[in-house]
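Engineer: Before I ask anything, let me first share the structure, which is written out below as C-alpha cells.
Only the coordinates and a few stated rules stand behind these numbers; no lab work does. Being a predicted model, the structure only gives us computed values, none of them experimental. Cβ sites come from the backbone with ideal geometry, for glycine too, and all protein chains shown count toward neighbours.
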Amino acid sequence: MSNTAKIALGVLILLLIAIPRWVNPYVLQILILTITYAMLGLAFSFTLRVGLPRFDIAAWWAVGAYTTALLMKKGGMSFWPTILIGGIIAVLLGWLIFKITIPRGMIVFLMFGMVTAMAMQQLFGSISFFGGWGGTGLVPRVTIGSFKFVRKPELYYLGLFFLTLNIVVYYLLYNSKIGRAWNAIGSSMKLASSVGVDVVKYRMANVLIGNFFLAMAGSYYIAYSLTAVPSTFGFHNSIYVMMYAIVGGLFHSLAGPIIGAAIITFVPEYFRVVKEYEPIITSAVIILIIIFMPMGVLGLIDQRLKPWFFHTKWYIRLIGGTKVSAKG
C-alpha cells in the first residue's frame, strides 16, 4: 500500500470513529442500516467472484436474525454465541441446498435462490414457533459484561466492528490461493476446469462462506432492531442487495457494495418529505446511475477522476515527482 493510500485510510478511519459526534440520531440510524446493507452487498459481490449472482440473500440474512432472536428470547442465551450458531445453521442448510443446485449451473442456482428466499419468508411467517407474521417480539439488549448496547453510537460502533471483520476476511480470502481459484472461475469456468480447478468445490466453499457472513449480518440486525419480522426478509431485499453492488461498482468487490449501500439507503431517506414521489425519485436515480455510469460510481472514478487527479500539480508535488499515468 502506498503512503498516499495509507494516509487516506487513516483519515477515513478517524472520520468513521468521529461520526457519532457530528450527526444527529436520525442520520446515525441511517448509517446503522447502511452498515447492515453493506454487509449483505459484500456477500453478494463475494459470490459474484465465482460467477454466481445470488437471489437468496434475504433468506440467509433471516436465518441469522431469527437464530439470534429466538436463542436470546426463548433460550436466554447471550448475543455473542448466537452469531456462531446462526452462521453454522446457515452453512449447514445452505450445503443441503447448494449440493443440488451448484453442480447444475448458474440458472438453476438463481432459480433455487429465488424459491429459497420466498420459502424462508413463508416459513418464518407461518409457523407460530417463530412468532408468525407479527415477528418474534422484543429480545434482550446486547451486552458485554454489565455494559449494554442501548444508544445509537454504541450500536454504530458495534456495526463498524462487524463490517471491519467482513472486509478483513474477504480481503484475505481474495488475496489467497483459494481467491485466485475463484478469480479463475469467474473469468472463464471452462478454462479454470481445464487446468484442474474443481469448479463445484470452489463455488461451494465460496457460497457457504458467504452464507456465514449473511447470517452474521442478521445477528447484527437483531442487535439494534430487537425483533425479527418476516416482512423484513422478503425477496425484494435480495434485489436491493444486487443494486448495491451494481451502483457502487461491480469491479470493486469491497468498496463497491459499501458505496452502493450508502447511496441507495440515503437517497430514499432524504426524499421522505415528498413521500408519494420517493419511490419514483429513487428508481430514477438508480436508473440514471446505471445508464450514465454502467461501471458504477467507483467505475466512473477509475475512468474519469483518477486520470485527472494523478496529473494535478498538488498531487505531483505531494509525491515529489513528475507526472504519472493513471495506471501509476
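Engineer: Which ones in the range 227-237 are surrounded by 24 or more Cβ atoms within 10 Å (Cβ to Cβ) and assigned to a helix (DSSP H, G or I)?
Structural biologist: Hit for the range 227-237 is F233, nothing else.
Engineer: Still on this structure, I have one more. Filtering the range 33-50 down to residues that are surrounded by 23 or more Cβ atoms within 10 Å (Cβ to Cβ) and among the aliphatic types (A, V, I, L, M), which residue is farthest from A255 (Cα to Cα)?
Structural biologist: Across the range 33-50, the extreme among qualifying residues is V50.
Engineer: Right, next: Identify the residue in the range 147-175 that is aliphatic (A, V, I, L, M) and more than 14 Å from the chain's Cα centre (by Cα) and, among all such residues, is surrounded by the most Cβ atoms within 10 Å (Cβ to Cβ).
Structural biologist: For the range 147-175, the residue satisfying everything is L155.
Engineer: Among the residues of the range 51-79 satisfying the criterion of being more than 20 Å from the chain's Cα centre (by Cα) and in contact (Cβ under 8 Å) with a residue 40 or more places away in the chain, which is surrounded by the fewest Cβ atoms within 10 Å (Cβ to Cβ)?
Structural biologist: Filtering the range 51-79 down to residues more than 20 Å from the chain's Cα centre (by Cα) leaves 69-79.
The next check asks that each one be in contact (Cβ under 8 Å) with a residue 40 or more places away in the chain; those that pass are 69-70, 72-73, 78-79.
Working: A69: 29, L70: 20, M72: 22, K73: 19, S78: 14, F79: 21.
Among them, the one singled out is S78.
Engineer: Name every residue in the range 181-200 that is exposed (fewer than 12 other Cβ atoms within 10 Å of the Cβ) and outside any loop (DSSP other than H, G, I, E, B), in order of residue number.
Structural biologist: If the condition is that a residue be exposed (fewer than 12 other Cβ atoms within 10 Å of the Cβ) and outside any loop (DSSP other than H, G, I, E, B), then S187, K190, L191, S194 are the ones that fit.
Engineer: Might you check whether a residue that is under 24 Å from G51 (Cα atoms) and out of contact with any helix residue (DSSP H, G or I) (no Cβ under 9 Å at 6 or more places or on another chain) occurs anywhere in the range 146-168?
Structural biologist: yes
Engineer: Please identify the pairs in which a residue from the range 133-152 that is touching a residue at least 40 places away in the same chain (Cβ under 8 Å) and under 16 Å from T67 (Cα atoms) has its Cβ atom under 6 Å from the Cβ atom of a residue that is polar (S, T, N, Q) and assigned to a loop (DSSP other than H, G, I, E, B), counting only partners at least 6 apart or on another chain.
Structural biologist: Pairs that qualify, where the first residue is touching a residue at least 40 places away in the same chain (Cβ under 8 Å) and under 16 Å from T67 (Cα atoms) and the partner is polar (S, T, N, Q) and assigned to a loop (DSSP other than H, G, I, E, B), are G135/T227; T136/T227; L138/T227.
Engineer: Here's another thing I want to ask about it. What about Y224, is it surrounded by fewer than 24 Cβ atoms within 10 Å (Cβ to Cβ), out of contact with any Lys or Arg (no Cβ under 9 Å at 6 or more places or on another chain), touching a residue at least 24 places away in the same chain (Cβ under 8 Å) and assigned to a helix (DSSP H, G or I)?
Structural biologist: For Y224, the condition - surrounded by fewer than 24 Cβ atoms within 10 Å (Cβ to Cβ), out of contact with any Lys or Arg (no Cβ under 9 Å at 6 or more places or on another chain), touching a residue at least 24 places away in the same chain (Cβ under 8 Å) and assigned to a helix (DSSP H, G or I) - is not met.
Engineer: Can you find a residue that is of a type outside the set (S, T, N, Q), buried (at least 22 other Cβ atoms within 10 Å of the Cβ) and in contact with a Phe, Trp or Tyr (Cβ under 8 Å, 6 or more places away or on another chain) anywhere in the range 246-254?
Structural biologist: Looking for residues that are of a type outside the set (S, T, N, Q), buried (at least 22 other Cβ atoms within 10 Å of the Cβ) and in contact with a Phe, Trp or Tyr (Cβ under 8 Å, 6 or more places away or on another chain), one finds none in the range 246-254, hence no.
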